Amino acid sequence: MTSALPRFPSYPIRGVCVLHQKQNCAPYFAEIEVDFEPAAEGFAFEVAQDLTVEYKPAENLPRFFAAAAVGIEEQLSLPEHGVVIATRVVLRRARADTFGSHELAFKIAGYLAARKALACGLPARAAARGWQAVQ
């Protein structure tokens, strides 16, 4: 008899902050803070209504936020985590930089945020992988 995979997250994980910054000839910059809330099923991503980001051109921000969502969902979907995704992710805060922010930077930030949340929500598995929980 096999046991069912655990649902992720089993409880709210709030305030997951990530700063992804790489300085070289092709800089990367993305900072996000997200909350992971239990959901009935699947993956949902939303931007908090009161979120404001000082960045120009502002029309790039929806693409950046969508890239963060893709990074989070891709990381959570990896079979090695052994979980069923049932989460609503809310983007609470974001920062972008004119010269270093782009979709890939936000996708990587999303990937890192999901890893932090997994480390917090699945501490035994995270320790086996050497991940650090949300502080």
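The values are calculated or read from the model by the stated rules, or taken from the named source; none is laboratory data. Values in this document were obtained by computation on a predicted structure and should not be read as measured data. Virtual Cβ from ideal backbone geometry, glycine too; neighbours counted across all protein chains shown. Ligands, DNA and RNA are excluded from the accessible area calculation, which covers all protein heavy atoms including side chains. Shrake-Rupley method; radii C 1.70, N 1.55, O 1.52, S 1.80 Å.
Side notes on the structure shown:
- Residue that is modelled with the lowest pLDDT [pool: residues in region 44-55 that are farther than 17 Å from residue 87 by Cα and open to solvent by less than 80 Å² (accessible area, probe 1.4 Å)]: 55
- Any hit, region 35-43, residues being open to solvent by 30 Å² or more (accessible area, probe 1.4 Å), hydrophobic (A, V, I, L, M, F, W, C) and in contact with a strand residue (DSSP E or B) (Cβ under 6 Å, 6 or more places away or on another chain): yes
- Restricted to region 1-19, and to residues there that are within 17 Å of residue 94 (Cβ to Cβ) and open to solvent by less than 30 Å² (accessible area, probe 1.4 Å), the residue that is farthest from the chain's Cα centre (by Cα) is 15.
- Residues that are under 23 Å from residue 13 (Cα atoms), part of a loop (DSSP other than H, G, I, E, B) and touching a Leu at 6+ places or on another chain (Cβ under 9 Å), drawn from region 74-108: 82, 83
- Where residue 31 falls short, out of the listed (1) open to solvent by 80 Å² or more (accessible area, probe 1.4 Å); (2) in contact with a strand residue (DSSP E or B) (Cβ under 9 Å, 6 or more places away or on another chain): (1)
- Among the residues here, residue 72 does not qualify as β-branched (Val, Ile, Thr) and open to solvent by 30 Å² or more (accessible area, probe 1.4 Å).
- Odd one out for residue 10, checked against (1) modelled with pLDDT of 95 or more; (2) closer than 23 Å to residue 119 by Cα: (1)
- Residue within region 81-90 that is among the aliphatic types (A, V, I, L, M) and surrounded by 22 or more Cβ atoms within 10 Å (Cβ to Cβ) present: yes
- Subset of region 56-69 (residues that are in contact with a helix residue (DSSP H, G or I) (Cβ under 6 Å, 6 or more places away or on another chain) and either surrounded by fewer than 16 Cβ atoms within 10 Å (Cβ to Cβ) or polar (S, T, N, Q) (or both)): 63
- The number of residues in region 21-39 being outside any strand (DSSP E or B) and modelled with pLDDT under 95 comes to 5.
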